[in-house]
Every structure is written in structure tokens, then in C-alpha cells.
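In what follows, a structure is listed as C-alpha cells, so that the remarks can point back to it.
The values are calculated or read from the model by the stated rules, or taken from the named source; none is laboratory data. Because the structure is predicted, anything quoted here is derived from the model rather than measured. Quick reminder, even Gly has a Cβ in these numbers, built from the backbone with ideal geometry, and neighbours come from all protein chains shown. All accessible areas refer to the heavy atoms of the entire protein, side chains included, with ligands and DNA or RNA removed. Shrake-Rupley method; radii C 1.70, N 1.55, O 1.52, S 1.80 Å.
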Amino acid sequence: MTRARLGVLSALLFLQACGEAPPPSEDAAHIENPVLETDLTTVHLTESAVQRIGIEVGRVERRELSRTRSVGGELVAPSGSEMTVTSPGAAIVLAPASGPIPNAGAVVAAGQPVLRLAVLAQNELAGPQQALAAAEARLENARAKADRARVLLADSIASRAEFEDAVAELRTAETAAEGARARAELLSSGHTGADISALAPVVITAPRAGRLLAVYVGAGQTVGADAPLATIVDVDPLWVRVPVFPSDADLFDSQSNARVDAGANRGHTGLSATPIRGPATANAASASIDLFYEMANPDGRFRPGERVSVRIPLRGSVGDQLVVPWGAVVIDIYGGAWVYEDRSGGAYTRRRVEVVDVVDGLAVLARGVAAGTSVVIVGAAELFSTEFGGDTH
């Protein structure tokens, strides 16, 4: 490098050192008059306003609470509770003598007439004597099956539902045999099969108490042998199917009863449901598996297919938790939860809280206020309205 170039470089460095310093960079954001959440608005009320609103205060407490989680469920008919009544032979459907054929959804008692059948005298597959022999064989088989189910029930091998199904099948077989016997006697006396009015109709009764899930025939319709006539479902008890994520299944206490909420407007809240071992069903579309509970339904008000809210206990206990009455919490339009701290002398300061659960009318708080803090438990909504433009007069 030549002396001339060194001189020019030295001159430039000297001029830069003697020049003005660059201006400091400005902040990317600037907030004027920041308001801390600890310095929120305090509402001041006169003594008369406090009395007029009816404000009551209480303490934030610590309580031992069991963990629960609220999930959606569906009421379903238990396995084996549905029974389909079929025609004992080719016949013409008639309404019961007491009135029209009940519609689907009607509640029926055990033994209640549902419809009648005018069984046709001729059968394409067998003559009247052959039909009678088949009906008597079916009756004998049904009688043996019912006797066997009675013995198994006494030995606690068969369930009561299986025994009732066998008895219902026996009743149906007896009805079919009576109809076949009457038809054979009628035809042997010289009458033709077209004389339907001369043949006493077979009365089809409900084999069990329940609700008619479906009625497949109407008055005047011709049906074939073994054609389905109606399906009856026993709705007491009902099962509660609760779909949950497989990763959450182990969180639930499978030995404790759940609480079913079918809506306060129906007067059914907090109904007890017992955990049972139901079918191992799952839904790939929703990535869920099913838990099952059994719920009593003696009055038949609930129906299969209803959606309900189910609160299920979780394993273990949360220990001491901060709680306040749920009525002490107000929710703003953004979903934020707040309580009003009592500062005495008619002064109330709004404090943000985080609600993690609501159990038996108590809001469980994760943070926001300390135990022992005096808060408004009655009149919080009126204070919130007053703070944002309401009038206490």
C-alpha cells in the first residue's frame, strides 16, 4: 500500500471519530398510562345502595373436593331389551277389540293386546293338519325351552331377561297352536279358508312391558308367516353410553357412580348411574371408546336416543382447592371470570380469577384470589352492571 493511500485512509478515520454519534433507536411499541390489573376499577356504593341491592359477602375457602369431569352421553336400550313379535302364520291384520293399533312410541303393559290376526285357512307350504302339527311341535319346543330357562335361572346360570324371553316365546307358541287348532277344526267341518269371519282372530299381546319401538303393519294388511309385527323395547333401566378418548379412559374412576343431568327444565338433574361392563364398542371416526352406565327409568320418561350430560368421578382427589359460590363469579363478554373483593365501607374491587371446574354449586379457582379473601357472593351481577353503566337507583 502506497503512502498516498495510507494518508487518505487515516483522514477518513479521523473525520469519522470527530463526527456526531448516531441517534439512539426508538422502542418498537410505547404504551401511555398503563393500567395494571391489580389497580382495576373499584365500585363505591352508599350504605342504602348496598341494602337495596342486597349484597352479601363471604370468604374464599379451601375444601377437599373429588375430581369430576362432565362429558356428553346418550341413552340407549340395554342389550336384549328389544323383542320383535312375529306372525304365527299367513294372516290378515286386524285392530284390537279395544281400539286402533297403538302407534310407535306408545307405552304398553305386559299382556296388553296390540293387534289381532285373522289367520288364513290355507297355506302354500302345508295343509291345515301339517300346520297344526308344526305349531304343536313349536309349542312343545318352546315349553321345554321355558322349563330349561327356569331351572338355569334358579341356578343363577341364566339371566332373568333370558327367562322372560323364553316365557314370551312360549306364549307366542301357545297362541299359534290355538290358531292352528281352530283352523284345522274349522276346515275339517267343511268350511273354506275364505270364510275369515268364522275363524276367531288370534290376539297378539305385548310379551313384556315397555315402549313400542316400531309397528310394521296396519289394519287390513296381509302378512306372511313369521312376518315382523312390532318391536317392543324395555326402557327400565336404560344404559348411558359415554364416548371418551382412549387416552382419557384411565382417568375415570370405573367403580364410582356417575351423575346424569337430563336438563333442569325437566326436573331431572343429578340422577345416579351405576357403572356396568357394556359391549366393547368404539368409533373410529371420532377416535373414541364407549363407557357404559345403567340408570333407572321407572316412569319411562326417558327414551333411547336422548342426549344427556354425564359427570364422571376421576381417580384420586384434588385435595384442598380454592372455592367460592358459583354465584360470586361474573363472566364478561370475552369469557373472562371475575369476582368482587370486599374492601369494606361499600368499596368493591373487581379481581380476575381462573375457574377450572364447578362442583355442587362451587366454583373451583386455580388462581386470582387468596384463601380468606372477602368477596361478594350475592349481588356480584348487579355490581358488574353498575360498573359498566348500570344504575343502582
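Taking square-rooted eigenvalues a ≥ b ≥ c of the alpha carbon gyration tensor, is the stretch 237-378 rounded, prolate or oblate, where a/c under 1.5 means rounded and, failing that, a/b exceeding b/c means prolate?
Prolate.
Could you tally the net charge around Arg350, taking each other residue with its Cβ under 9 Å from the Cβ of Arg350, Lys/Arg +1 and Asp/Glu -1?
Values: positive: Arg351, Arg352; negative: Glu341, Glu387.
Around Arg350, the charge tally is 0.
At a probe radius of 1.4 Å, what is the per-residue accessible area of Arg259, in Å² to the nearest 10?
Accessible area, nearest 10 Å²: 110 Å².
With all protein chains present and a 1.4 Å probe, how do Phe252, Phe163, Phe245 order by accessible area, largest first? Don't jump to the answer; show the numbers that get you there.
On the way: Phe252 10, Phe163 35, Phe245 115 Å².
If we order Phe252, Phe163, Phe245 from most to least accessible, we get Phe245, Phe163, Phe252.
So, with a 1.4 angstrom probe, what is the percent of accessible area on the stretch 74-115 that is carbon and sulfur?
Details: 1020 of 1770 Å².
The computed percentage sits at 58.
Per residue, what accessible area does the stretch 296-393 have, given a 1.4 Å probe and all protein chains present, in Å²?
Normalised by residue count, the accessible surface of the stretch 296-393 is 50 Å².
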